[in-house]
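Encoded as C-alpha cells, the structure appears first; notes follow it.
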Amino acid sequence: MALNFNPSEDKYVVGGLVAAVAMLVAMYFGGQAGQIVFSASAVAFIGLYVLIGVQSSERRHDTNVFKLMIAGLWLILGVAFALLWHFHFQNPAYTDPTYWLGFPRATAVVVYLLWMPPALYLMFAYPYLFSTYIWDEEQVAEFRAMGSDEEGK
Amino acid sequence: MIAIPEAVLAQVSTTETMNPLIVGVVAVYLLGIAAIGVWATGQTESTSDFLIAGKRFGIWAVAFAAFASIMSGFGFIGGPGLFYDGGYGFLWIAIVAPLAFPVSWFVLGKKMRLMAEVREIFTIPDAAVARFDSEAVRLLVSVSVLLGVISYLGVQFLAIAFVLQTVLGVSEVTALAIGLVVISIYTIGGGMIAGIFTDLIQGGIMVIGSVVVFLLALDTVNGFSAMNRELSSQIPELAGAFGAFPIMLGLTWYFLFLVGNSGQPHMAHKLYMLRDPKLLKWGAPIAALSYFAASLMMLALGVGMRSLVETGQFAELANPDNAAPIFLVEFTPAIVAGVVLAAAVGAVMSTSDAFINIGAANLARDIPESLGFEYASDRQELRAHRVATALIILVSVLLVYYVEILVGLLGVVGWGLFAAAIVPLLGIGLNWKGATTEGAIAAGVVALFGNLGLAIAVQFYGFSLPHGSATEALTLLVAIVVMIAVSLVTNTKARDDIDDDIERVIDS
C-alpha cells in the first residue's frame with residue numbers, strides 16, 4: 001500500500017496527529033504529569049490546527065507571518081498555563097489562598113490571562129492579516145468568475 | 001447598592017405572580033420576533049433564501065448570528081447554574097469561545113464561504129460530499145447532524161418552557177406552546193432570513209443585558225474580592241481554578257469547546273450567508289467580543305448567587321438552573337430583569353432556529369439526496385423544507401415528552417457529535433489535500449458510533465473515563481487521529497484526485 005504522504009504539504013497535519021496522540025496518552029495516565037502534558041499538547045494542537053487552516057495562504061504568499069503569529073499564541077498560552085500550574089500545585093486545596101485582583105492566584109490566571117489575552121491577539125490578527133495574506137482582490141475576481149460559471153451550467 | 005433581603009426563602013415558582021413590567025417586556029419581545037417572522041416569510045422565495053438567506057447578509061448580522069446561536073440556553077441559563085454548582089470549574093467552557101471564534105475563522109471562514117461560491121452548497125453535508133464525493137460520507141454526517149439537532153432541540157425546548165414558565169407564571173405545557181408558536185411562525189415561514197434578523201436582535205439584547213447584570217451582580221456581592229473571599233472561607237475548592245470539577249474534565253472541556261467550535265453546524269453554516277466573502281474580515285472580533293460580553297453575566301451571577309447562599313444571605317436553591325431567574329427577580333430592577341429574561345428566551349430561540357433549519361435541511365435535502373432522490377423544481381424543494389421544519393419541531397417536542405430517555409442520552413453528546421463529525425471532515429478536509437474519502441468515512445463512523453456508544457455506556461452502565469475526562473473530547477481526538485492516519489495510507493479524492501474547483505478552494 002503506497003503511503004499518501006507529502007512532507008511539505010503534510011507537516012502541520014502530522015504535527016497535529018502527534019499532539020492528538022499525546023493528548024490521548026495524557027488522558028489515560030492522568031496525574032500531575034498527565035495534566036501538564038495534556039495542556040501542552042492541546043496548546044500545540046490549537047496552533048497547528050490554525051496553521052493547517054492557513055497553509056494555503058502561507059504557500060501562496062511564501063511567508064512566515066502565520067508561523068510568527070502562532071509562535072506568539074503559543075507564547076501567551078504557554079506562559080498562562082505555566083503560571084496556572086505553578087500556582088495551582090502550590091496550593092491545590094485553595095485553603096487560605098493568596099489573592100490577585102480579587103481571585104485566588106491560579107483562578108486569576110485563568111480569568112485574566114487565559115480568557116481574553118490569547119483571544120484578543122488572535123481575533124485582531126485575522127483582520128490585520130486579512131487583506132494582505134488571507135483574501136486579496138485577485139482571488140475575489142477569480143472565485144466570482146468560478147461562481148458565474150457554476151450558475152451558468 | 002441593592003439591599004439583600006434576609007434569607008429570602010421564596011423561590012421563583014410557577015405559581016408566583018411575576019412583576020407585570022417583566023411580563024410586558026418579554027411579551028413585547030415575543031410579539032416582535034413573531035412579526036419579523038411574518039415579514040421574512042414574504043421575503044423567502046427560494047430554497048437558497050430559506051437555507052442560507054440567499055447569501056444576502058453583512059458581517060454584523062452573520063457574526064452576531066454565529067455568536068447568538070453558540071450562546072444557547074445552555075450558556076445563558078445553564079451557565080449560571082453550573083457556576084453556582086461547581087464554582088469556577090465552568091470557566092473552562094465559558095472562557096473558550098472568544099478564542100474559538102478566531103480559530104474557526106482562520107480554519108474554516110474562507111473555505112466554507114468559497115465552497116458556497118463554486119458549488120450549489122446550502123448545508124454542511126453538501127460541503128462534505130463536494131470535498132469527498134461520497135454519499136456514504138453524506139449519510140454519516142447527515143445522521144450525526146440530525147441526531148445532534150434533535151438532542152439540542154429537545155434541550156432547548158425544555159429551556160424555553162423553563163424560562164417562559166418562570167416569567168409568565170403559566171404551566172410548563174402552556175409555556176412550551178407559547179414558545180413553539182413564536183418559533184414556528186418565524187422558522188417555517190421565514191427560514192434563515194428570519195433567523196438571522198432575530199439573531200441580530202437577540203444577540204444585541206444578550207450583550208447589553210449581560211453587561212448590565214454583570215455590574216449589578218458585582219455591586220450586590222461587593223465585588224469579586226469580597227465574593228471570592230466569602231466563598232473560599234466556606235468551600236475553598238469552589239474558588240479554585242477548576243472549581244468542584246476534576247482537573248482533567250476542565251482541560252478536556254477546554255480542548256473540546258475550543259477546537260469543536262469549528263465543527264458546530266449552527267456556527268459554520270452561518271458562513272455561507274455572507275453576501276461578500278471579503279466581509280469575513282471583522283467577523284472574528286465581532287463574534288468573539290460579543291460572546292465575551294454575553295458570558296460575563298453567567299460568571300458574576302452564578303458564583304455571586306452561590307456566595308450569597310454559602311454566607312447565609314439567601315436560601316439554598318432547589319435547582320441550580322434557578323440561579324439566573326431568581327437573581328434577576330430578587331436583585332435587579334424589573335425592567336432589567338425583563339430585558340435579561342427576554343435575552344434568555346432569545347438565547348434559546350436563536351439556537352433553536354438554527355437547529356430547526358439545519359435539521360429541516362437534513363430531512364428534506366441531505367438524507368433524500370444521499371438516497372438518490374431529486375426535486376422537480378426549487379419551489380417543490382422549498383415546500384419540502386417548510387414541511388420538514390414543522391416536522392422537526394413536532395418530532396423534537398414529542399421526544400421531549402414521550403422519549404425522555406433519548407433526549408437525556410443525546411442531550412449530553414450534541415456538541416461532541418457535531419465536533420467529532422465535522423472537525424476532521426471540514427476543518428481538516430477542506431485545508432489538507434491529503435485527506436481521503438476512506439479517512440472521512442472512518443472518522444464519520446468513529447464520530448457517530450463512538451459518541452452514541454460512549455453515551456449509552458455512561459447513561460446506562462455508569463461508565464466513566466479515567467480521571468474524569470469528557471467522553472466527547474475522547475471521540476473528537478480519536479476521530480481526528482483516525483481521519484489523519486487512514487488518509488495517510490489511502491488515496492481516494494486526495495491530491496491530484498480532487499475535483500479542480502474544490503482543489504482551488506483548498507489552495508486558496
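Every residue in the range B:426-470 that is under 23 Å from A:Lys11 (Cα atoms) and in contact with a Leu (Cβ under 9 Å, 6 or more places away or on another chain), please.
Result: B:Leu426, B:Gly427, B:Leu430, B:Asn431, B:Gly434, B:Ala435, B:Thr436, B:Gly439, B:Ala440, B:Ile441, B:Ala443.
Return yes when A:Val54 is without any contact (Cβ under 8 Å) to a residue 12 or more places away in the chain, over 18 Å from B:Leu91 (Cα atoms) and at the interface with another protein chain (Cβ under 7 Å from one of its Cβ atoms) and no when it is not.
No: the conditions fail for A:Val54.
Identify all residues within the range A:70-102 that are at the interface with another protein chain (Cβ under 10 Å from one of its Cβ atoms) and of a type in the set (Ser, Thr, Tyr); write none if there are none.
A:Tyr94, A:Thr95, A:Tyr99
Okay, residues lined up against (1) more than 30 Å from B:Val38 (Cα to Cα); (2) among the β-branched types (Val, Ile, Thr):
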site	(1), (2)
B:Asp199	no, no
B:Met206	no, no
B:Val212	yes, yes
B:Met227	yes, no
B:Ile247	yes, yes
B:Thr252	yes, yes
B:Lys270	no, no
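Of B:Val137, B:Val143, which residue is under 30 Å from B:Gly450 (Cβ atoms), aliphatic (A, V, I, L, M) and more than 22 Å from the chain's Cα centre (by Cα)?
None of the others qualify; the one that does is B:Val137.
Can you name the number of the only condition in (1) at pLDDT 90 or above; (2) in contact with a Pro (Cβ under 9 Å, 6 or more places away or on another chain); (3) crowded, with 20+ Cβ neighbours inside 10 Å; (4) not aliphatic (A, V, I, L, M) that B:Pro236 fails?
(3)
Return a yes/no flag: does the range A:54-65 have any residue that is of a type in the set (Asp, Glu) and either loosely packed, with under 15 Cβ neighbours inside 10 Å or on the phi > 0 side of the Ramachandran plot (or both).
yes
Here is a check on your reading of the model: is A:Leu113 aliphatic (A, V, I, L, M), under 26 Å from B:Ala63 (Cα atoms), surrounded by 15 or more Cβ atoms within 10 Å (Cβ to Cβ) and at the interface with chain B (Cβ under 9 Å from one of its Cβ atoms)?
Against the criterion (aliphatic (A, V, I, L, M), under 26 Å from B:Ala63 (Cα atoms), surrounded by 15 or more Cβ atoms within 10 Å (Cβ to Cβ) and at the interface with chain B (Cβ under 9 Å from one of its Cβ atoms)), A:Leu113 does not qualify.
Return the only residue of B:Pro265, B:Pro277, B:Pro325 being surrounded by 21 or more Cβ atoms within 10 Å (Cβ to Cβ), more than 18 Å from the chain's Cα centre (by Cα), closer than 29 Å to B:Ala116 by Cα and not charged (D, E, K, R).
None of the other options fit; the residue is B:Pro277.
May I ask you to list the residues in the range B:489-502 that are touching a residue at least 60 places away in the same chain (Cβ under 8 Å), within 10 Å of chain A (Cβ to nearest Cβ) and over 18 Å from B:Pro424 (Cβ atoms)?
Scanning the range B:489-502 gives a single hit, B:Asp501.
Please find, within the range B:280-291, the residue that is nearest to the chain's Cα centre (by Cα) out of those that are surrounded by 24 or more Cβ atoms within 10 Å (Cβ to Cβ) and over 26 Å from A:Glu137 (Cβ atoms).
So, considering only residues that are surrounded by 24 or more Cβ atoms within 10 Å (Cβ to Cβ) and over 26 Å from A:Glu137 (Cβ atoms), the one nearest to the chain's Cα centre (by Cα) is B:Tyr291.
If a residue has to be of a type in the set (Gly, Ala, Ser), more than 10 Å from every other protein chain (Cβ to nearest Cβ) and touching a residue at least 12 places away in the same chain (Cβ under 8 Å) to count, how many in the range A:23-47 make the cut?
2
Which condition number does B:Thr475 fail, the rest of (1) within 20 Å of the chain's Cα centre (by Cα); (2) touching a residue at least 60 places away in the same chain (Cβ under 8 Å) being met?
Only one criterion is unmet by B:Thr475, namely (2).
Those residues that are of a type outside the set (Ser, Thr, Tyr) and either within 7 Å of chain B (Cβ to nearest Cβ) or surrounded by 13 or more Cβ atoms within 10 Å (Cβ to Cβ) (or both), I need them from the range A:3-15; list them, please.
A:Leu3, A:Asn4, A:Phe5, A:Asn6, A:Glu9, A:Asp10, A:Lys11, A:Val13, A:Val14, A:Gly15
Considering (1) facing another protein chain (nearest Cβ under 7 Å); (2) without any contact (Cβ under 8 Å) to a residue 12 or more places away in the chain; (3) under 15 Å from B:Val481 (Cβ atoms), say which one A:Val18 fails and leave the rest.
Of everything listed in (1) facing another protein chain (nearest Cβ under 7 Å); (2) without any contact (Cβ under 8 Å) to a residue 12 or more places away in the chain; (3) under 15 Å from B:Val481 (Cβ atoms), A:Val18 misses just condition (1).
For B:Val486, work out the one condition from (1) surrounded by fewer than 17 Cβ atoms within 10 Å (Cβ to Cβ); (2) in contact (Cβ under 8 Å) with a residue 12 or more places away in the chain it doesn't fulfil.
In the conditions (1) surrounded by fewer than 17 Cβ atoms within 10 Å (Cβ to Cβ); (2) in contact (Cβ under 8 Å) with a residue 12 or more places away in the chain, B:Val486 misses (1) alone.
Select from the range B:251-279 the residues that are modelled with pLDDT under 90 and within 7 Å of chain A (Cβ to nearest Cβ) and list them in ascending order.
B:Pro277, B:Lys278
Which one of these is over 30 Å from B:Met305 (Cβ atoms) and either surrounded by fewer than 24 Cβ atoms within 10 Å (Cβ to Cβ) or within 11 Å of chain A (Cβ to nearest Cβ) (or both): B:Ile185, B:Ile247, B:Ile208, B:Ile178?
B:Ile185
Considering only the range B:235-258, state which residues are out of contact with any Lys or Arg (no Cβ under 9 Å at 6 or more places or on another chain), within 14 Å of B:Asp85 (Cα to Cα), part of a helix (DSSP H, G or I) and in contact (Cβ under 8 Å) with a residue 24 or more places away in the chain.
Within the range B:235-258, B:Glu237 is the sole residue that qualifies.
The values are calculated or read from the model by the stated rules, or taken from the named source; none is laboratory data. Every value quoted in this text rests on a predicted model; they were computed, and no experiment measured them. Here Cβ is always computed from backbone atoms with ideal geometry, including for glycine, and neighbour counts include all displayed protein chains.
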